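All of the numbers you see were taken from the coordinates with simple rules; none came from a lab. This is a predicted model, so every value here is computed, not measured. Don't worry about glycine lacking a Cβ; one is built from the backbone with ideal geometry, like all the others, and counts go over all protein chains shown.
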Ligand code: PLP
């Protein structure tokens, strides 16, 4: 008997994430250096872990309010105001979620009617397309180009607009390219949003990790807060991936709609993790700065070295990913990643898993120790000798 017949068409048609295939391959091998994973190599700061432990010792083991602990929402509002110059009300405009992943899910489900089109600049985070499909919508890829440093331009939006276009999923800094849109570039997108009455889902999960210019948060632009759902969290900047804690902030009409989904599907985010997050926001920002300094140093070294080895790569302004071109090798990104893993035991992610426009590139995370990066680069340079 095949149980597949019970599956919904939408789920049957979803492809598993291409990243997993490489994790699985690498997991069965010894001595692999992984530049594949998208997470900090730091352990969460001790004071944050201690606050979580203390909450357990004190017996705070029940549900919180659906939207999350009021004290945490107050801290999130303060943080967003101070750091990104945006004001939200903690009472009805902020929801604490299970990672930015769940924030994306409830945001998309709250705005999407069947067959609504959501614009997604590619290459992009692997979850975006599937989450739009699961919400009943149609993901519409916008193909950004390497020569524009994979930045989204107004003409990409203009060319994709139809009468079914509902919104745009914007990710800056970007996973996988590390591209950061500056204020002027975001303002051009804001004009498009206004012209075509789009709702913007601004995924700013990497906002803490920008290295060259002051960061502009999309809802801080004039007139944009009212049409933006801001998505962020603790995973990347605060090195808290395993805590599964994020948040979403939006005008009350949108937040309260997302809260309905959240309360039925999730109830609330993990209580002990919320206590840790309060401490992270109150006393953890200096540690974030230290981690950022270290990523910046590694970025500069890693990207310079890739260019020297013959893998051209622009300097990414944020996140912890380099996205070099492998066009010189004549291999597809899948072939490159597979051969590099099998021949030199270095795991990277082939660019095509982030969308068609990622073909010809690989994603390397430089959130590894300098020693590991040095060794990975040594192995990659040996591999590149095949193509000279
Ligand atoms: N958004 C982007 C762009 C990401 O890269 C990731 C994780 O890799 C997420 C969201 C999900 O983050 P979280 O761990 O908070 O669910």
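Against the main long axis of the alpha-carbon atoms of the chain, helix 271-283 sits at an angle near 80°.
Computed extension gain for residue 6 through residue 162, at 0.36 nm per residue and net of the alpha carbon distance, reaches 52.8 nm.
Looking at the chain, send over the antiparallel percent of its DSSP beta bridges, to the nearest 5.
Of those bridges, close to 40 percent are antiparallel.
For the chain, the longest principal axis of the alpha carbon atoms and the long axis of helix 18-27 meet at an angle near 60°. Here the chain was treated as a single set of alpha-carbon atoms; its pair distances binned every 10 Å from 0 give 5, 23, 32, 26, 12, 2, 0 percent. Residue exposure proxy: 150, 247, ordered by other Cβ atoms within 10 angstrom of their Cβ from fewest to most, comes out as 150, 247. Three principal axis extents of the range 171-224 based on alpha-carbon atoms, in descending order, are 31, 19, 14 Å. Fully extending the segment from residue 379 to residue 338 would add 13.4 nm, taking 0.36 nm per residue of separation and subtracting the current Cα-Cα distance. Counting other Cβ atoms within 10 Å as a rough exposure proxy, the listed residues 84, 336, 23 run 23, 84, 336 from fewest neighbours to most.
Suppose only helical runs count, i.e. DSSP H with n ≥ 4. What mean residue ellipticity at 222 nm does that imply for the chain under -39500 (n - 2.57) per run, divided by all residues and rounded to the nearest 500 deg cm²/dmol?
Working: 13 runs with 161 residues, N = 388.
Helix-only estimate at 222 nm: -13000 deg cm²/dmol.
Between residue 47 and residue 191, the modelled labels are 4.4 nm apart [label points 7 Å from Cα along Cα→Cβ].
Compared with the dominant principal axis of the Cα atoms in the chain, helix 285-309 is inclined by about 30°.
Taking other C-beta atoms within 10 Å as the exposure proxy, 62, 172 rank 62, 172 from fewest upward. The calculated P(r) of the range 135-240, using every Cα pair and 10 Å bins from 0, goes 14, 48, 33, 5, 0 in percent. Annotation: extensible slack from residue 24 through residue 285 equals 90.5 nm (criterion: 0.36 nm per residue apart, minus Cα-Cα distance). In terms of its C-alpha gyration tensor, the range 104-192 has a prolate overall shape, because the principal axis ratio a/c (a ≥ b ≥ c, square roots of the eigenvalues) is not below 1.5 and a/b outweighs b/c.
Taking only the Cα atoms of the range 252-388, the radius of gyration and Dmax are 19.9, 59 Å.
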